[in-house]
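The values are calculated or read from the model by the stated rules, or taken from the named source; none is laboratory data. Every value quoted in this text rests on a predicted model; they were computed, and no experiment measured them. Please note: Cβ atoms are built from the backbone with ideal geometry, for glycine as well, and neighbour counts cover all protein chains shown. These accessible areas exclude ligands, DNA and RNA; they are computed on the full protein's heavy atoms, side chains included. Shrake-Rupley method; radii C 1.70, N 1.55, O 1.52, S 1.80 Å.
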Amino acid sequence: MRKTELNHFEGLGQNPLKPLTPYRHNPWKKYCEATPGCSLGLGELARRQGNWARARSHLEVAFEGFQAMDYKYGLAATLERLAHLALDEAQFVQAAWLFAAADHLRMSYGMALLSIEQTAHDQAVAAIQELLPEAEYHAAMAGVGEATVQEIVAWVGQVSIDGWAG
């Protein structure tokens, strides 16, 4: 930046070279929280850091936002992230159901899982198959096949920060 440009910013009471402020004071926070894609990313980041309550909170915001936008790919991606979260929390039946629901939603709208996500998806589903008794696994999967997209959305809407609903 040239000196005259720096003087312009300083005259406005801003310093363009000042480091970014912490997230809680970041002016982009409101935008980020209002954008489902950003909430989806923040949810995945929190999940990978082991902060499951925060991850669930962000993923719920993402799901509600994608639902309001009627953005099917975003809904499926959020279901997939919620499934990984349920697996992390050892909620294997819910994880199986959520993975199946994400697959069902993608198939209902002719969408495919991104190839970059396919390996993690396959590994997670294989882990669930090993950890769950076969009858429970198949019961969770069968329940999704009969569910409508609206029923899937309604069930996910019952998820609370404290744990999984029915």
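Indicate the gyration tensor shape class of region 97-154 (rounded, prolate or oblate), computed on the Cα atoms with a ≥ b ≥ c the square roots of the eigenvalues: a/c under 1.5 is rounded; otherwise a/b larger than b/c is prolate and the rest oblate. Oblate, since a/c reaches 1.5 and b/c is not below a/b.
Give me the percent of accessible area attributable to carbon and sulfur for region 72-134, probe 1.4 angstrom. Summing carbon and sulfur atoms, their accessible area is 56 percent of the total for region 72-134. The length gained by stretching the chain between S115 and E136 to full extension, at 0.36 nm per residue less their Cα-Cα distance, is 4.7 nm.
Mind running the shape call on region 43-166? Use the C-alpha gyration tensor, a ≥ b ≥ c as the square roots of the eigenvalues: rounded below 1.5 for a/c, prolate if a/b tops b/c, oblate otherwise. Rounded, since a/c falls under 1.5. Per-peptide packing, taken as the mean over residues of other Cβ atoms within 10 Å, places 78-88, 57-67, 120-130 in the sequence 78-88, 57-67, 120-130 from highest down. Remark: spin-label model distance A90-L45 equals 2.9 nm, labels positioned 7 Å along the Cα→Cβ axis.
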